[in-house]
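Structure, as structure tokens:
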Amino acid sequence: MAAEEEGLTGPGEARPAPGPDPRPASRPEPRDEHRPEPRSVPELLLGRPPMARPLPTFDAEAAPAEPGPLFVDWLATALDAGVPDPQVVTLSTVDADGVPDARVLVLRDVDAAGTGWVFSAAADSPKGRQLADHPAAALTVYWPQLGRQVRVRGTVERAADLVAAAEFATRSPAARVGALVGRQSEPLASLEEYDEAVAVARRRLEATPDAVAAGHAVYTLWAHEVEFWQGDAQRRHIRLRYTRTGPVRTPEWSRTLLWP
């Protein structure tokens with residue numbers, strides 16, 4: 001570096017005073033006065049207690065003898081109350097190593113008499129493979145506006161392909177196109193690749209309206225245990241657990257009130 005400097009100024013010559021930097025000076029980002037300062041998670045949550053709003057009551061003693069009709073009643077109440085996506089539930093399974101896995105999906109039907117919760121999935125998806133290896137699951141739904149949660153645990157049974165095909169026909173065109181694309185949960189190189197696959201699937205559906213996605217399956221979670229939970233701002237939560245005492249699809253249940 002010293003030799004380069006001598007070549008620029010010559011021996012014994014004084015170095016010229018540096019001129020102004022032609023590059024524009026960096027300016028600090030203008031602060032958005034409406035943007036709050038970063039805070040920790042506890043600080044974000046303090047002062048926002050859950051269920052601090054009027055909530056419905058739940059008379060556990062007046063609940064029906066079976067959980068199916070009560071779930072349908074609570075679902076209808078959520079729909080009437082304008083709860084967004086009340087049919088969206090969380091399905092929990094276990095993988096080959098016994099590690100829990102969970103995701104949200106759409107509830108398709110409820111067999112209130114037999115107490116079965118019906119949903120669909122791709123048989124070759126992670127949840128489909130997990131259910132094939134371990135046909136048991138838990139289902140959870142929470143309706144925030146009502147402070148109500150329902151938990152379901154039981155065994156899972158896959159329906160016949162004819163049942164799956166009939167259910168597939170009831171879906172919206174967009175849902176059928178998405179299922180025809182397939183490859184759920186596989187690595188995706190780019191969104192453009194996905195868009196191209198959607199275009200191919202859309203053309204297929206237009207040419208063959210009764211096309212059914214390969215591996216489309218319908219499952220029923222036959223409940224062994226169902227718990228209804230009504231939240232309360234003062235933490236006087238009401239919990240009612242139904243436990244099946246007879247074979248699946250029979251109306252034999254016991255009811256137990258639980259501590260909050």
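The values are calculated or read from the model by the stated rules, or taken from the named source; none is laboratory data. Keep in mind it's a predicted model, so treat the numbers as computed, not measured. Cβ atoms come from the backbone with ideal geometry, glycine included; neighbour counts cover every protein chain shown. Side chains included, ligands, DNA and RNA excluded: accessible areas come from the protein's heavy atoms. Shrake-Rupley method; radii C 1.70, N 1.55, O 1.52, S 1.80 Å.
Checked against (1) more than 21 Å from residue 148 (Cα to Cα); (2) at pLDDT 90 or above; (3) not aliphatic (A, V, I, L, M), residue 13 passes all but a single condition, namely (2). Determine whether residue 158 is open to solvent by 90 Å² or more (accessible area, probe 1.4 Å) and over 26 Å from residue 129 (Cβ atoms). No, not satisfied. Within segment 124-148, residues that are farther than 15 Å from residue 93 by Cα have Cβ atoms under 7 Å from residues that are aromatic (Phe, Trp, Tyr) in these pairs: 148/74; 148/229, counting only partners at least 6 apart in sequence or on another chain. In segment 69-82, the residues that are surrounded by fewer than 19 Cβ atoms within 10 Å (Cβ to Cβ) reach residues that are in a helix (DSSP H, G or I) and not acidic (Asp, Glu) with C-beta atoms within less than 9 angstrom, at least six apart or across chains, in these pairs: 77/146; 81/145; 81/146; 82/145.
Among residues that are closer than 27 Å to residue 214 by Cα, out of contact with any strand residue (DSSP E or B) (no Cβ under 9 Å at 6 or more places or on another chain) and of a type outside the set (Asp, Glu), residue 136 is not included.
For (1) over 19 Å from residue 87 (Cβ atoms); (2) of a type outside the set (Lys, Arg); (3) open to solvent by 40 Å² or more (accessible area, probe 1.4 Å); (4) in contact (Cβ under 8 Å) with a residue 60 or more places away in the chain, each residue gets a yes or a no:
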site	(1), (2), (3), (4)
179	no, yes, no, no
188	yes, yes, yes, no
199	yes, yes, no, no
212	yes, yes, yes, no
